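The values are calculated or read from the model by the stated rules, or taken from the named source; none is laboratory data. Every value quoted in this text rests on a predicted model; they were computed, and no experiment measured them. So basically every Cβ, Gly included, is an ideal-geometry build from the backbone, and we count neighbours across all protein chains shown.
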Amino acid sequence: MSAKSFIKELINQQEHSSLEFKTGWNEEAILKTICAFLNTEGGWIIVGHSQKEVVGLPNISEHNVIELKQNALDNIFPQPLVYVQLETIDEKSVVLLNVLKGSRQPYSYLKKYFIRRGSQTVEAGPDDVSLILRSSNQYTSSWEKLTTVDAQYTDLSESEIISTINAANNLGKTKSLPDFPKEFLSYFQLIDYTAVKNSAVILYGNEPTKFLPNVAYVLQICLKELLEIGSAILK
């Protein structure tokens with residue numbers, strides 16, 4: 001099936017949790033919807049359609065599509081995998097986006113979380129984010145990426161985190177590493193929103209055994225995570 005035929009099939013549907021039509025090109029609104037699809041079941045976005053007819057995007061070019069892809073990579077965290085294509089329907093330009101359900105939930109756009117509620121994109125509240133985290137943990141087999149129950153950011157040693165950042169900066173190979181502790185941890189997925197991961201407790205916990213009684217045993221499980229982080233810092 002061609003892209004045009006597929007778009008026409010989508011157009012015959014009503015908006016729902018996995019399908020959204022956008023009349024005009026509003027990049028911020030598109031990125032929020034991408035984030036929402038990543039945090040739920042994925043979906044399709046058609047820009048340039050009113051749900052009733054093709055209105056087109058006369059001023060949108062491949063340059064805008066490339067720019068949207070880059071902004072998604074720069075502003076949605078963790079980085080998403082999004083398909084974006086400029087197509088022509090009834091001699092008018094539309095943009096088709098396909099967003100797969102994120103495998104590293106929760107995802108944030110400009111440090112805010114979004115979800116789908118029916119056919120609407122809404123900002124996620126703390127309870128929504130907590131539900132995403134619990135659901136995500138059910139499908140992950142990586143121990144170090146699990147959320148440590150009852151652990152908070154204040155249970156981590158900021159001085160140790162800062163020492164790591166300074167050591168990385170001294171290497172002179174850290175073009176895009178965050179300078180602030182929380183952003184640094186988020187960058188390496190050691191924390192998500194208010195959730196602290198097991199690897200963060202192992203690496204920077206003031207009292208790791210308070211949350212992980214068998215910490216000596218599981219240290220070897222975290223070795224892979226430590227090596228990955230170290231490798232990323234040295235790049």
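Of all residues in segment 47-87, which are on the phi > 0 side of the Ramachandran plot and buried (at least 16 other Cβ atoms within 10 Å of the Cβ)?
G48, G56
Where the second residue is outside any helix (DSSP H, G or I) and not polar (S, T, N, Q) and the first is within 16 Å of V95 (Cα to Cα) and outside the structural domain of V47 (by TED's automatic domain parsing) and lies in segment 61-75, which pairs have Cβ atoms under 7 Å and are six or more apart or on separate chains?
If the second residue must be outside any helix (DSSP H, G or I) and not polar (S, T, N, Q), no pairs are left.
Could we say that L96 is closer than 19 Å to Q51 by Cβ and not assigned by TED's automatic domain parsing to the domain that holds E183 here?
yes
With the condition being at pLDDT 70 or above and under 26 Å from Y109 (Cα atoms), I'd like the helices (runs of 4 or more DSSP H) fully within segment 157-235 carrying at least 2 qualifying residues.
158-171, 181-187, 198-204
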